Amino acid sequence: MKLSSLNQGRDGRLVIVSKDLTRATDAFFIVPTLQQALDNWEKVEPQLRDLAGQLEHGSVPAFRFHEHDCASPLPRAYQWADGSAYVNHVELVRKARGAEMPASFWTDPLMYQGGSDSFLGPRDEILAVDEGHGIDLEAEVAVITGDVPMGASREQAAAAIRLIVLVNDVSLRNLIPAELAKGFGFFQSKPSSTLSPVAVTPDELGEAWDGGKLHLPLLTSLNGKPFGKPNAGVDMTFDFPTLIAHAAKTRPLGAGAIIGSGTVSNKDRDGGPGKPIADGGLGYSCLAELRTVETILHGEARTPFLRFGDTVRVEMKDKQGHSIFGAIEQEVKAYRGEA
């Protein structure tokens, strides 16, 4: 089942989307928003699935689905906790800012709590005050959960996964070192993130979803050129049930909590840092990682962070080449203040 929230009101208007992302039908007579659906999942999920089946068979009124009409599936959420499941990425990015990586990072997940009150829609602009802040994309996979009890086991965490989405977790790299030096975590360096047009139930992914990891390439392009295609199921040190259980260790998670994978990152075939696509590698899901590799190879970073006018696209396709979640497509623009 594929679900989307159209731009209407603060929490969107819930629609069911066809498997091929071409058509949609309203779900408001069952439940008006995705958050309300997650709050009452056991009751409404069978009804939503029945509606999805009717949509596929053409037996309910439908309209053309346009991704640019979408808000984030959850325009605002009660919880957004982003992990760093791909420890290869963590190691490289820390190396870039001269920080040692504790050995515990390979056994205990790294996670931060992000702002969840204003997720960007998949076609919304990335607004920034200053290019000098080091604007970066971070292409990720995330899961949306039902209620998770405090101290949940890995099995309980896995059973709580309701939906899967893609994320562009925007980062302001040049603000991060000073914030972390205060010893109190990210805030200004982590502006609003973006979710894919469509959220999908795990069964939509077939054998690509193994209950904890999504084994498909995550495709990122920058200014229309391929930038990254790492496989989200490879080099993922901590799977989603592990991340969810980690987040719920000392508190319950409410329905609609979003748990991110962190930047998807693959090592090269020889075990070293990944290579650019142009050099036969799988590329990257963020600029910071490329800049770190450039520094290792050339003594300095050669690729700038995002500039005003740059465009970013994040998407995932099935083995037949069909888009699963729709695409995040964004342009970076200067913030001029509210009109």
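Exactly one residue out of Glu338, Glu300, Glu315, Glu294 is in contact with a strand residue (DSSP E or B) (Cβ under 9 Å, 6 or more places away or on another chain), over 30 Å from Asn40 (Cβ atoms) and open to solvent by 10 Å² or more (accessible area, probe 1.4 Å): that is Glu315. Does Val143 meet the test of being surrounded by 20 or more Cβ atoms within 10 Å (Cβ to Cβ) and touching a helix residue (DSSP H, G or I) at 6+ places or on another chain (Cβ under 6 Å)? Spelling it out, Val143 is indeed surrounded by 20 or more Cβ atoms within 10 Å (Cβ to Cβ) and touching a helix residue (DSSP H, G or I) at 6+ places or on another chain (Cβ under 6 Å).
Please verify whether Lys275 is surrounded by fewer than 21 Cβ atoms within 10 Å (Cβ to Cβ) and in contact (Cβ under 8 Å) with a residue 40 or more places away in the chain, treating the condition exactly as stated. Show your work before the answer.
Values: surrounded by fewer than 21 Cβ atoms within 10 Å (Cβ to Cβ): yes; in contact (Cβ under 8 Å) with a residue 40 or more places away in the chain: no.
No; evaluated as a whole, the condition is false for this residue.
Please determine whether any residue of the stretch 168-185 is assigned to a loop (DSSP other than H, G, I, E, B), surrounded by 19 or more Cβ atoms within 10 Å (Cβ to Cβ) and either in contact with a Gly (Cβ under 9 Å, 6 or more places away or on another chain) or among the basic types (Lys, Arg) (or both). Walk me through how you get there before you give the answer.
In the first step, residues of the stretch 168-185 are kept if they are assigned to a loop (DSSP other than H, G, I, E, B); the result is 169-170, 182-185.
Narrowing the set further to residues that are surrounded by 19 or more Cβ atoms within 10 Å (Cβ to Cβ) leaves 169-170.
Narrowing further to those that are either in contact with a Gly (Cβ under 9 Å, 6 or more places away or on another chain) or among the basic types (Lys, Arg) (or both): 169.
Looking for residues that are assigned to a loop (DSSP other than H, G, I, E, B), surrounded by 19 or more Cβ atoms within 10 Å (Cβ to Cβ) and either in contact with a Gly (Cβ under 9 Å, 6 or more places away or on another chain) or among the basic types (Lys, Arg) (or both), one finds at least one in the stretch 168-185, hence yes.
One line per residue, one yes/no per condition, for (1) under 20 Å from Asn168 (Cα atoms); (2) charged (D, E, K, R); (3) free of Cβ contacts under 8 Å to residues at least 60 places away in the same chain:
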| site | (1), (2), (3) |
| --- | --- |
| Ser59 | no, no, yes |
| Leu74 | yes, no, no |
| Ser84 | yes, no, no |
| Lys95 | no, yes, no |
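Got a sec? Which strands (runs of 3 or more DSSP E) wholly within the stretch 208-267 have at least 3 residues that are among the charged types (D, E, K, R) and crowded, with 18+ Cβ neighbours inside 10 Å?
none
Residues that are among the β-branched types (Val, Ile, Thr) and not in a helix (DSSP H, G or I) occur at least once in the stretch 58-69.
When you scan the stretch 144-170, how many residues do you find that are under 21 Å from Phe240 (Cβ atoms) and under 13 Å from the mean Cα position of the chain (by Cα)? Quick ask: steps written out before the conclusion?
Of the stretch 144-170, the ones under 21 Å from Phe240 (Cβ atoms) are 144-169.
Add one more test, that the residue is under 13 Å from the mean Cα position of the chain (by Cα), and what stays is 144, 163-169.
Number of matching residues: 8.
The values are calculated or read from the model by the stated rules, or taken from the named source; none is laboratory data. Keep in mind it's a predicted model, so treat the numbers as computed, not measured. So basically every Cβ, Gly included, is an ideal-geometry build from the backbone, and we count neighbours across all protein chains shown. Surface accessibility is based on the protein's heavy atoms, side chains included, excluding ligands, DNA and RNA. Shrake-Rupley method; radii C 1.70, N 1.55, O 1.52, S 1.80 Å.
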